[in-house]
1. Mind checking whether some residue in region 233-241 is modelled with pLDDT under 95 and surrounded by 15 or more Cβ atoms within 10 Å (Cβ to Cβ)?
2. Being at pLDDT below 95 and assigned to a helix (DSSP H, G or I) is the filter here, so list the residues in region 155-193 that pass it.
3. Being surrounded by fewer than 20 Cβ atoms within 10 Å (Cβ to Cβ) and in a strand (DSSP E or B) is the filter here; which residues of region 194-223 pass it?
Amino acid sequence: MTSTVTAEPLTTAAYYPYGDVLDLDALMAMPTRTAPTFTANTSAPLVIKANQGTAIRVVHIAELLNLRPDLRAANIAINPDDKGNSAPQPHTTTTPTTVTTPAQPNLSFFRCAPRSARPFPAELLERHPYSTQVFIPVYRAADRLVADGADRVLAGTVNRQCAYRYLVVVALNGKDDRPDVSTLRAFVAHRWQGVSYRPGVWHHPMIVLEQETDFITLIWENGAAGEDCQVEHLAAPVLIRILESGEQQPMRPKL
């Protein structure tokens, strides 16, 4: 039976079970920020002056994990806490099994064309059982022109805030080792926000809503079939309702 889910604003708290939100302005606006549990030294500062005082570096903005068992011991060995203990256990939704070969980090570009279906039918989900995956939108020179004049270029159909939205659809793993559709949620992200998927979190392939958008992605892969990416088709499509008015979040400054 087909069900409907309404996409909601992408916020750090709402998205936390599925991954991290990479939003510099939101991080900087926090009056206080507690060190994430995945950091080895929870007392270290999270905002650091850099580049001879001309820049601010915000650190530990996302948990990055490669859960291949043959590399886990090495990763812990080089990340002890300040008392010499092992680093905190990773936040993960899957238990690694035997893998064939070590994985390497793969930094890639994705160029994603917009999807026009409304509501959007989510018919399948995928997961990366052994690795975090990160998506960060990036600008091209032409994008800045479109963003600055989005109301004119898009004939008033989409305001500047909506010009580079994308949809993040996620679900947790079920007892049958398939997506638990009862946990499926959809989030509307904007061009200043990146996201990560925790290892084992089911998610739809990237869904760009209005304009072709480029992303930088990071994931650990070893090229072995069935290890890097697993895909499951849903028993029935889940329709994602997307509010088109731009009311999901308050307007943010132009970049």
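1. There is no residue in region 233-241 that is modelled with pLDDT under 95 and surrounded by 15 or more Cβ atoms within 10 Å (Cβ to Cβ).
2. Within region 155-193, Arg160, Gln161, Cys162 qualify.
3. Those that are surrounded by fewer than 20 Cβ atoms within 10 Å (Cβ to Cβ) and in a strand (DSSP E or B): Asp214, Phe215, Ile216, Thr217, Leu218, Glu221.
The values are calculated or read from the model by the stated rules, or taken from the named source; none is laboratory data. Treat the numbers as computed from the prediction; the structure is a model and nothing was measured. With ideal geometry, Cβ positions are generated from the backbone for all residues, glycine too; neighbour counts draw on all protein chains shown.
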